[in-house]
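The values are calculated or read from the model by the stated rules, or taken from the named source; none is laboratory data. From a predicted model like this one, the values you see are computed outputs, not experimental measurements. For neighbour counting, all protein chains shown are included, and Cβ atoms are generated from backbone atoms with ideal geometry for every residue, glycine included. These accessible areas exclude ligands, DNA and RNA; they are computed on the full protein's heavy atoms, side chains included. Shrake-Rupley method; radii C 1.70, N 1.55, O 1.52, S 1.80 Å.
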Amino acid sequence: MTVVSIDSATGSLSAGGERIFPLVLSNAPPPSSKAPNGRNGLAEVAAAGINFIRTGRGDWNAEFAAGQIAAERSQLDAAAAHGLRCWCWLGGLTRLPTKSGSPLERLLAQVVNGLKGHAALGAWKGADEPLHAKVPAAAIMRGYRRLRALDPDHPLVIIEAPLGTVAQLAPYAAACDITGADIYPVSYPPGIHAGGANTDVSVVGDVTRKMVKAAGGKPVWTTLQIAWSGVLPTKHVPRYPTLLEERFMAYQAIVAGARGLAFFGGHLPQPMRPADARSGWNWTFWETVLAPLVRELTSTAVGPALVAQDAKLTVKASAADVDVAVREAGGFLHVIAVRRGGATSRVSFSGLPKGVGDGEVLFEYANGAFRTVAVSASSFRDWFGPHDAHVYRFKL
């Protein structure tokens, strides 16, 4: 077993001395599935950079617990075979009554004790969207304390719906080690999942920032869309994010403070192409949208910045609708900038350290190499359209 903890300096996960930016599939391809290229499904997603898969279940039952634990250990074995860690859902097991020693508490102990020593266990998933489901915060606080007494070596993560105020969410954030929200803005009509005034994909940043405020200093993971109930036929028109939208949402969440990303809905069969439905997973979306994004996020160029501390210096954008995060990693200054919407224009950035030379724009190419931006007097300019995300790298 490897102890998985939270790196206090960054909010990243830490295991075996390595900082980890979780990239989670919820849910992943079935362990025995095949990608279109004939490769095992878990091997395929792991090779691209996915490092976590959501497992577990919502229907833990005392009568069938031994078999359920054995089935979960089989999932953990399959993940371990491909270098993946599991985010194990405990369903309602952490919703404990006031009196100790209840049947539910005993079942929680049975499940946790049966799984906590497995090498592939990365984190526990607690109650799903507890504020929206009207689960009392005190109940899951009791469950959190009991879980951490049973297993001090793996964090508990609670993901909320994109609803509620900071004041309403804060008590639930106290009942976990990591919190966050799911937000799926791509639908017909757009933006119905969040239920607010902003129906644009930029609502991802709004929700992430809200969760950062509610978290009280704890890390935040943002769950992004592959598919969700609001795009499932026949009640809804199927719609998936494009690569531009998914990439923007990922980087906007990171700029807003997310220290992990999950991608939900690749297992939902209703909107899949027939070949994907037969395989049990949405390989079309994977190949056209998610795999290119994951490879970029886990590249040697971008990946180090995602597990780095926020830099102490401030880089400012001349446009109010452009948000910026600055990280130092591996001898480079990374500037991640996203434009919420609005017009297309050239945006100026100021505040780079003195002496920094021209920078690269990662994963944007000119004549076979990353394109560059010129730096003058600690400033540079670049074009931004609506929902553009640029990642700049400057040698220190």
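Assess whether Ala149 counts as being out of contact with any strand residue (DSSP E or B) (no Cβ under 7 Å at 6 or more places or on another chain), of a type in the set (Gly, Ala, Ser) and without any contact (Cβ under 8 Å) to a residue 12 or more places away in the chain.
Answer is yes for this residue.
Kindly check whether there is at least one residue in region 89-110 that is crowded, with 18+ Cβ neighbours inside 10 Å, closer than 25 Å to Arg19 by Cβ and touching a strand residue (DSSP E or B) at 6+ places or on another chain (Cβ under 8 Å).
yes
Quick one: what pairs do we get from region 325-339, first residue over 22 Å from Trp383 (Cα atoms) and without any contact (Cβ under 8 Å) to a residue 40 or more places away in the chain, second of a type outside the set (Lys, Arg) and not in a strand (DSSP E or B), C-beta under 6 Å, 6+ apart or different chains?
Ala329/Pro304; Ala329/Ala305; Ala329/Ala308; Gly330/Pro304
So which residues in region 36-55 are over 25 Å from Pro155 (Cβ atoms), open to solvent by 10 Å² or more (accessible area, probe 1.4 Å) and not acidic (Asp, Glu)?
Pro36, Asn37, Gly38, Arg39, Asn40, Ala43, Ala47
Which one is most open to solvent (accessible area, probe 1.4 Å), of the residues in region 249-294 that are assigned to a helix (DSSP H, G or I), without any contact (Cβ under 8 Å) to a residue 40 or more places away in the chain and not hydroxyl-bearing (Ser, Thr, Tyr)?
Per the stated criteria, the residue is Arg278.
Say we look at region 312-324 and pick out the residues that are touching a residue at least 40 places away in the same chain (Cβ under 8 Å) and either in contact with a Cys (Cβ under 7 Å, 6 or more places away or on another chain) or part of a loop (DSSP other than H, G, I, E, B) (or both); which of these is most open to solvent (accessible area, probe 1.4 Å)?
Leu313
Look through region 330-343, keep the residues that are outside any strand (DSSP E or B) and within 11 Å of Arg393 (Cβ to Cβ), and return whichever of them is most open to solvent (accessible area, probe 1.4 Å).
Gly330
If you take the residues in region 19-35 that are open to solvent by 30 Å² or more (accessible area, probe 1.4 Å) and modelled with pLDDT of 95 or more, which one is farthest from the chain's Cα centre (by Cα)?
Among those residues, the one meeting the criterion is Lys34.
Kindly establish whether Lys354 is without any contact (Cβ under 8 Å) to a residue 24 or more places away in the chain and among the basic types (Lys, Arg).
no
Within region 224-234, track down each residue that is modelled with pLDDT of 95 or more and open to solvent by 10 Å² or more (accessible area, probe 1.4 Å).
Of everything in region 224-234, those that are modelled with pLDDT of 95 or more and open to solvent by 10 Å² or more (accessible area, probe 1.4 Å) turn out to be Trp228, Ser229, Leu232, Pro233.
Pairs under 8 Å by beta carbon, first residue more than 18 Å from Val302 (Cα to Cα) and part of a helix (DSSP H, G or I) in region 229-248, partner open to solvent by 70 Å² or more (accessible area, probe 1.4 Å) and not small (Gly, Ala, Ser), six or more apart or different chains?
Gly230/Ile192; Val231/Tyr188; Val231/Val237
Given the structure, is Trp87 among the hydrophobic types (A, V, I, L, M, F, W, C), in contact (Cβ under 8 Å) with a residue 12 or more places away in the chain and not in a loop (DSSP other than H, G, I, E, B)?
So Trp87 fits the description; yes.
Residues of region 295-311 being charged (D, E, K, R), open to solvent by 30 Å² or more (accessible area, probe 1.4 Å) and more than 21 Å from Ile6 (Cβ to Cβ), which ones?
Scanning region 295-311 gives a single hit, Arg295.
Can you name the residue in region 5-15 that is within 17 Å of the chain's Cα centre (by Cα) and aliphatic (A, V, I, L, M) and is also surrounded by the most Cβ atoms within 10 Å (Cβ to Cβ) among such residues?
For region 5-15, the residue satisfying everything is Leu13.
Quick test for you: out of Ala133, Ala149, Ala119, pick the one residue that is of a type outside the set (Lys, Arg), over 18 Å from Val212 (Cα atoms), surrounded by fewer than 19 Cβ atoms within 10 Å (Cβ to Cβ) and in contact with a helix residue (DSSP H, G or I) (Cβ under 8 Å, 6 or more places away or on another chain).
Step by step, each of Ala133, Ala149, Ala119 is checked, and only Ala119 is of a type outside the set (Lys, Arg), over 18 Å from Val212 (Cα atoms), surrounded by fewer than 19 Cβ atoms within 10 Å (Cβ to Cβ) and in contact with a helix residue (DSSP H, G or I) (Cβ under 8 Å, 6 or more places away or on another chain).
If I ask for residues that are of a type in the set (S, T, N, Q), open to solvent by less than 70 Å² (accessible area, probe 1.4 Å) and not in a strand (DSSP E or B), which ones from region 344-390 would you list?
Once the filter is applied, which keeps residues that are of a type in the set (S, T, N, Q), open to solvent by less than 70 Å² (accessible area, probe 1.4 Å) and not in a strand (DSSP E or B), region 344-390 yields only Ser378.
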